[in-house]
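First comes the structure, then the notes that go with it.
Nothing in this text is a laboratory measurement; each read-out follows from the coordinates by a stated rule. Because the structure is predicted, anything quoted here is derived from the model rather than measured. Here Cβ is always computed from backbone atoms with ideal geometry, including for glycine, and neighbour counts include all displayed protein chains.
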């Protein structure tokens with residue numbers, strides 16, 4: 001179960017196939033549900049079979065998009081059966097709302113209510129069955145790619161904690177480490193393969209599909225001829241940085257250097273790409289503004305009720321944007337007026353006492369971020385990108401974290417890849433871990449990835465993850 005690259009973004013092949021299968025199941029459910037509803041009136045079904053397929057296609061797309069928004073296609077999904085059931089129910093609620101809106105806007109797609117209920121029930125049952133089968137198939141070791149790590153030193157030890165987590169390696173089976181001559185073993189307690197065989201013979205004996213190179217000093221001890229022989233035998237060979245980028249959708253700072261960044265693909269900044277992103281930002285932001293202005297108005301009234309009429313509603317804070325340019329970020333005020341009365345910049349903390357009662361609600365639902373739509377229309381931000389940080393924090397973090405300023409190669413955004421994968425950052429270590437995901441976005445940014453991030457942000461809003 002390897003990954004494939006689609007529009008510059010790595011996707012696990014198993015989950016890609018799951019999307020295709022469940023799209024087909026929803027399409028079939030439309031026909032089955034219609035057939036069941038008109039079981040006693042087969043002539044009606046026969047007369048309308050030709051008009052069903054456009055409705056079935058729309059229903060399939062809306063349902064699969066709703067399931068994507070609920071995180072049901074995430075490789076890192078760790079929910080048990082009850083959690084998956086809750087997400088699936090939420091996805092079908094969103095699907096019903098979406099189809100209802102389409103029925104209103106496009107009357108030609110309208111269905112009898114009873115038929116639509118039958119279609120929904122049929123689709124729900126089929127999706128439950130597909131999930132049951134998928135959970136069993138994805139855990140079959142024989143179907144997974146077999147990975148061997150070349151090296152047993154410091155780099156291998158650094159990667160070990162992630163390799164141990166079964167939930168993060170659903171697409172591959174870890175075979176073990178191979179010690180290189182003169183390399184001190186630092187992966188204690190793990191399977192270190194010491195063999196008199198050649199590397200190729202060992203790979204063939206262990207049925208290895210991929211070799212991940214984790215040698216501490218490649219210039220001195222890297223067995224190039226052995227790796228070439230394995231490559232010629234059809235075994236994939238790659239470095240730790242590329243392996244983690246593909247499997248975990250992040251760029252591990254411990255494993256990259258300037259040469260890797262220089263020679264790896266990505267980081268495209270063509271004028272056409274920038275224009276497409278700008279048009280996407282403007283169009284989506286205007287639609288978002290039309291849909292959310294009532295929420296912002298309610299939030300303003302709630303802030304005035306809590307703090308008194310005339311209390312400041314908008315909060316301006318200087319942030320660092322693209323290429324290090326400064327701009328004023330707009331937010332609905334969620335903290336007390338004197339939150340930083342001493343003028344000292346502070347990270348937001350968990351259960352921060354400075355957050356007001358109204359502020360805790362609008363922060364959880366991300367309503368406080370909505371005024372940044374204006375920042376997007378002004379061209380200071382994008383809908384999707386790394387979260388903009390305060391200049392006081394940026395100057396400090398850039399000195400301590402390598403490649404930190406690389407996050408400023410794109411415009412900052414309201415939603416982002418790091419926000420989906422890591423909770424709110426409130427320390428240098430959090431900033432370092434978030435940068436791994438931000439670098440992945442900067443390197444692989446595309447409209448497809450932006451769309452996936454926007455969809456997945458729905459899950460963050462509904463489940464309130466990463467809020468402080």
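What the table shows:
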item: Ellipsoid equivalent to segment 271-463 - semi-axes via the Cα gyration tensor, in Å; result: 26, 21, 15
item: Cβ crowding within 10 Å averaged over residues, with 211-217, 307-313 ranked highest first; result: 211-217, 307-313
item: Efficiency of FRET from Cβ geometry, residue 194 and residue 143, R₀ 25 Å, rounded to 0.05; result: 0.30
item: Percent RCO, i.e. relative contact order, over the chain, from Cα pairs under 8 Å lying at least 6 residues apart; result: 14
item: Residue 311-residue 125 pseudo-label distance in nm [points 7 Å out on the Cα-to-Cβ vector]; result: 5.4
item: Förster-model FRET efficiency, 22 Å R0, residue 110 and residue 53, C-beta, rounded to 0.05; result: 0.90
item: Which of 204, 105 has the fewest Cβ neighbours within 10 Å, and the rest in rising order; result: 105, 204
item: Cα principal axis extents for segment 106-257, largest first, Å; result: 74, 33, 32
item: Pair residue 396, residue 78: separation of 7 Å Cα→Cβ label points (nm); result: 2.9
item: Convex hull (Cα only) mean projected area of segment 64-106, reported in nm² to one decimal; result: 2.9
item: Translational diffusion of segment 257-319, µm² s⁻¹ [Kirkwood Rh, Cα pairs; Stokes-Einstein; 37 °C; 0.692 mPa s]; result: 205
item: Most to least packed among 274-281, 415-422 [average Cβ atoms within 10 Å]; result: 415-422, 274-281
item: Distance from segment 315-331 to segment 7-28 (C-alpha centre basis), Å; result: 38
item: 10 °C / 1.306 mPa s Stokes-Einstein diffusion coefficient of segment 70-145, Kirkwood radius on C-alpha pairs, µm²/s; result: 110
item: Relative contact order (%) - segment 3-137, alpha-carbon pairs under 8 angstrom, separation at least six; result: 34
item: In nm, spacing of pseudo-spin labels at residue 206 and residue 336 (7 Å Cα→C-beta vector); result: 5.9
item: Reciprocal mean inverse distance between Cα atoms of segment 229-343 - Kirkwood radius, Å; result: 19.7
item: Among 58-71, 117-130, the order from most to least packed when residues are scored by Cβ within 10 Å on average; result: 58-71, 117-130
item: Sorted by Cβ density within 10 Å, fewest first, the residues 289, 143; result: 143, 289
item: Rg to Rh, two decimals, where segment 3-137 supplies the alpha carbon set and Rh follows Kirkwood; result: 1.00
